[in-house]
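Working notes, structure below.
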Number of protein chains: 2
Amino acid sequence: MPQTPHVEKHFTGSEIVRDIVIGMSDGLTVPFALAAGLSGAIDTTRIIVTAGLAEIAAGSIAMGLGGYLAARSDEEHYVSERKREETEVIEKAELEASEITELFQSYGLTPEESKPVVDGLRNRPQAWVDFMMRFELGLEKPDPRRALTSAMTIAGAYIAGGFIPLGPYIAISHAGAALKASAIITLIALGVFGSIKGHYTGARPLRSAFQTVLIGGLAAGAAFLIARAIS
Amino acid sequence: MPQTPHVEKHFTGSEIVRDIVIGMSDGLTVPFALAAGLSGAIDTTRIIVTAGLAEIAAGSIAMGLGGYLAARSDEEHYVSERKREETEVIEKAELEASEITELFQSYGLTPEESKPVVDGLRNRPQAWVDFMMRFELGLEKPDPRRALTSAMTIAGAYIAGGFIPLGPYIAISHAGAALKASAIITLIALGVFGSIKGHYTGARPLRSAFQTVLIGGLAAGAAFLIARAIS
């Protein structure tokens, strides 16, 4: 699809940030909450560390491989829709042309006003397909290297995030003491992560920090209460 | 944004399906893998059930609340970008108009061909803003009820998914036997879920089933091996 290099670059950058945010949000939160929950039921940290590492392995694979397959299926969707549009602009040219007219009509433009654009696109089939992909279907051409990069970024961010709450349980053998250290370190990490995330996503850093700390705290609190109630 | 009721309906439906897929993929996979992993290290199921329930609580809150805040931030992003466009079409009308011309030029259309559309939009400021939001920025107007629905759907699907692998550990006290029953039930559930998901997302059902079973199996296998290695 025709696009300025600047826009392309911006887009790729924001996708990597988005993947880091996806992986690290859950990586910081879920192992933290799981370990906190188990601290409400178990005194020694050995099993908590085992559960935490098992969770980090499971979570990073599930999220990374899930991200890989989602990106692959986006690619396939784009390719198949594009093939369909390529056939349609040839075989159903009148219908496709009237779809553009209708699209512009939904923005209050008369068929007379949009006619030169419609005619111009009809004379350039390749650009016409590009236009339909973007403007009728709202699909961006996916980067072919995207699936693998996305998978590795999400999984790596999940693992990096997961070792922060788990660290104290590895270092300290008493679950209660490890929980306190883990809660302090992880809530600080969630705050820092939230404010950096806010910086990249355009949200106010303090508010974003508050939100990530809230999610982590609520998830850990709920896990702790449930584990204590049933143990 | 002007949109036909049909498109609107289709879009909302696919968002709910997407939320169910997001929640249930992880809900089936991560508690399954965590419980399988702990079965490699612990003989009795009591702690595995505690860890599993803590994980379901943590995972559903993290994903649900995460989804809620993501949807809210999409809304805010849309509103703030729209405000900016509304100001710009008044204060920087020439610049905004030339942006449309350039947009069409990237599809091979000459300024002469796109002029009637550009002029038509300039005469209708509200439609002009709608047009810029959709075509320049690629932003859809978010549904205001979306954030809460999205959060509840993701969390509910995660919980529903999570109890499938955990069920056998609740019913059976020996971890090895529970693991076998859980693996059989969950891999079947992943296969059924994958093929239904394929039906909704347009992928081939068998291939989609194979993929979800693969993710679940790999995540559980990795968690099992890690837990067994360190225990």
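The values are calculated or read from the model by the stated rules, or taken from the named source; none is laboratory data. No experiment lies behind these values; they were computed from the predicted model shown. Reconstructed Cβ throughout: ideal geometry from the backbone, glycine too, with neighbour counts over all protein chains shown. All accessible areas refer to the heavy atoms of the entire protein, side chains included, with ligands and DNA or RNA removed. Shrake-Rupley method; radii C 1.70, N 1.55, O 1.52, S 1.80 Å.
Taking the dipole about the Cα centre of the stretch B:60-121, with the C-beta of Lys and Arg at +1 and of Asp and Glu at -1, give me whichever of B:Ser73, B:Leu95, B:Val118 is farthest to the positive side.
Highest projection toward the positive end goes to B:Ser73.
7 Å along Cα→Cβ for the label point: how many nanometres lie between B:Leu225 and each equivalent label in the other copies, listed shortest first?
3.9
So what is the calculated 222 nm ellipticity per residue for the protein assembly as shown, using -39500 (n - 2.57) for each DSSP H run with n of 4 or more, over all residues, to the nearest 500 deg cm²/dmol? Don't skip to the end; give the middle numbers.
Numbers: 16 runs with 386 residues, N = 462.
My calculation for the protein assembly as shown gives -29500 deg cm²/dmol from helical runs alone.
Subtract the Cα-Cα distance of B:Ser98 and B:Thr201 from 0.36 nm times their separation in residues, and report this length gain in nm to one decimal.
Working: separation 103, 0.36 × 103 = 37.08 nm, distance 3.82 nm.
Full-extension gain reported as 33.3 nm.
Report the calculated FRET efficiency for A:Glu76 and A:Ile170 (r = Cβ-Cβ distance, R0 = 41 Å), to the nearest 0.05.
Details: r = 42 Å, r/R0 = 1.01.
For R0 = 41 Å, the calculated efficiency reads 0.50.
Is there a quick way to get the dipole size of the protein assembly as shown? I mean about its Cα centre, with the Cβ of Lys and Arg at +1 and of Asp and Glu at -1; what is the value in debye to the nearest 20? Write down the numbers at each step before the final one.
Values: 40 positive and 50 negative charges, 463 e Å.
With only Lys, Arg, Asp and Glu charged at Cβ, the dipole is about 2220 debye.
To one decimal place, what orientation-averaged projected area in nm² is obtained for the convex hull of the Cα set of chain A? Before the final figure, lay out each step's value.
On the way: hull surface 64.2 nm².
That works out to 16.1 nm², a quarter of the Cα hull's surface.
Just how large is the dipole of chain A about the Cα centre, in debye to the nearest 20, putting +1 at every Lys and Arg Cβ and -1 at every Asp and Glu Cβ? Could you put the intermediate results ahead of the total?
Values: 20 positive and 25 negative charges, 285 e Å.
Magnitude of the dipole: close to 1360 debye.
Project the alpha carbons of the protein assembly as shown onto their principal axes and report the range along each, largest first, in whole Å.
76, 46, 34
At a 1.4 Å probe radius, carbon and sulfur cover how many percent of the accessible area of the protein assembly as shown? Provide the component values of the computation, followed by the final result.
Working: 13960 of 21430 Å².
Here carbon and sulfur together make up 65 percent of the probe-accessible area.
Kindly point out which whole DSSP H helices in chain B project their C-alpha atoms 27 angstrom or further along the helix axis while averaging a Kyte-Doolittle hydropathy of 1.0 or above.
B:146-171, B:175-201, B:205-230
Suppose every K and R has +1 on its Cβ and every D and E has -1 on its Cβ; what is the size of the dipole of the stretch B:90-162 about the Cα centre, in Debye to the nearest 20? Mind showing how you got there, number by number?
Working: 8 positive and 12 negative charges, 101 e Å.
Dipole magnitude for the stretch B:90-162 comes out near 480 debye.
Once you have all Cα-Cα distances for the stretch B:1-132, histogram them in 10 Å bins from zero and send the whole-percent values.
Histogram of Cα-Cα distances, whole percents per bin: 10, 23, 21, 17, 13, 10, 6, 1.
Accessible area lost on pairing A with B, both sides, 1.4 Å probe, Å² to nearest 100? Show your work: numbers first, answer last.
Values: alone 13200 and 13210 Å², together 21430 Å².
Accessible area lost upon association: around 5000 Å².
What is the ratio of the Cα radius of gyration of the stretch A:114-231 to 2.2 N^0.38 Å, where N is its residue count, to two decimals? Don't jump to the answer; show the numbers that get you there.
On the way: Rg = 23.8 Å, N = 118, 2.2 N^0.38 = 13.5 Å.
Rounded to two decimals, the normalised Rg is 1.76.
Which is farthest toward the positive dipole end of the protein assembly as shown among A:Met63, B:Gly52, B:Val129, measuring Cα position about the Cα centre, with Cβ charges +1 (Lys, Arg) and -1 (Asp, Glu)?
B:Gly52
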